[in-house]
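Following: one structure in structure tokens, then a few remarks.
The values are calculated or read from the model by the stated rules, or taken from the named source; none is laboratory data. Values in this document were obtained by computation on a predicted structure and should not be read as measured data. Cβ placement follows ideal geometry from the backbone for every residue including glycine, while neighbour counts extend to all protein chains displayed. Just so you know, the surface numbers come from the protein's heavy atoms only, side chains and all, with ligands and any DNA or RNA stripped out. Shrake-Rupley method; radii C 1.70, N 1.55, O 1.52, S 1.80 Å.
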Amino acid sequence: MGPTNSVRILQGDIFFIIQAEIPNIAAAFMDNVNVRGPLTCYETNSSGWYVSTAFADPAPQSAPVPCTIGLNSQHFEVIPKDSGICWFAWEHLNDINCVLQHVKEAGGTFSGWKMDICILEVVAVGHCCTHEGCYPKDLRVQKIMDWLDWLDCNTLTDV
């Protein structure tokens, strides 16, 4: 085939390998695989009641849940059998394990020193991705805003 189709083939191979996890858990761009974290951090108050109802699963809370204190005095739900592990971290690490196992079964490898695991935000393909969603990088948005400032189309010929 030659180098002409190598990008398309690589992208297709990565998508085929992790197809069971796309689009809910993982996304791929070339040889970069992004694993999304949970939609919520299961944040609670100090007594174990949820602060946010951003997630539909589990059902509405009828009793306080076990929680632990995290950064900035925030409280998070923990696994009932092991109060030292935050629920959202457990979910995210299981998702990462699923993706790693798919790549392992296909005979692929990852570069450990280039791998970022369990970080609060990552910049991927010009977007800042957090557990709250993906947003365009400020620099890209600023370029568009600056472009609109010098663009002054008053007549049809200016366009």
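Going through (1) within 20 Å of residue 119 (Cβ to Cβ); (2) at pLDDT 80 or above one by one, residue 67 falls short only on (1). Only one of (1) modelled with pLDDT of 80 or more; (2) under 24 Å from residue 130 (Cβ atoms); (3) open to solvent by 40 Å² or more (accessible area, probe 1.4 Å) fails for residue 27. Which number is that? Unmet condition: (3).
Taken together, the residues in the stretch 62-104 that are touching a residue at least 40 places away in the same chain (Cβ under 8 Å) and either among the acidic types (Asp, Glu) or in a helix (DSSP H, G or I) (or both) amount to 10.
Entry remark, the stretch 101-122: residues being loosely packed, with under 13 Cβ neighbours inside 10 Å, over 10 Å from the mean Cα position of the chain (by Cα), of a type in the set (Val, Ile, Thr) and closer than 19 Å to residue 37 by Cβ number 1 in total. Of all residues in the stretch 1-24, those satisfying the criterion of being of a type in the set (Gly, Ala, Ser) and surrounded by 11 or more Cβ atoms within 10 Å (Cβ to Cβ) are 12, 20. Scanning the stretch 101-138 for residues that are at pLDDT 80 or above and of a type in the set (Val, Ile, Thr) yields 103, 109, 117, 119, 122, 123.
The residue pairs whose first member lies in the stretch 108-120 and is free of Cβ contacts under 8 Å to residues at least 60 places away in the same chain and on the phi < 0 side of the Ramachandran plot, whose second member is part of a loop (DSSP other than H, G, I, E, B) and surrounded by 10 or more Cβ atoms within 10 Å (Cβ to Cβ), and whose beta carbons are closer than 9 Å, counting only pairs six or more residues apart or on different chains, are 120/131. Scanning the stretch 1-24 for residues that are at pLDDT below 85 and of a type in the set (Val, Ile, Thr) yields 4, 7.
Within the stretch 128-141, the set of residues being within 16 Å of residue 37 (Cα to Cα) and in a strand (DSSP E or B) comprises 128, 129, 130, 133, 134, 135. Select from the stretch 55-114 the residues that are within 18 Å of residue 19 (Cβ to Cβ) and hydroxyl-bearing (Ser, Thr, Tyr) and list them in ascending order. Listed by number, the list is empty, since nothing qualifies.
Scanning the stretch 30-64 for residues that are under 30 Å from residue 14 (Cβ atoms), modelled with pLDDT of 75 or more and not small (Gly, Ala, Ser) yields 30, 31, 32, 33, 34, 35, 36, 38, 39, 40, 41.
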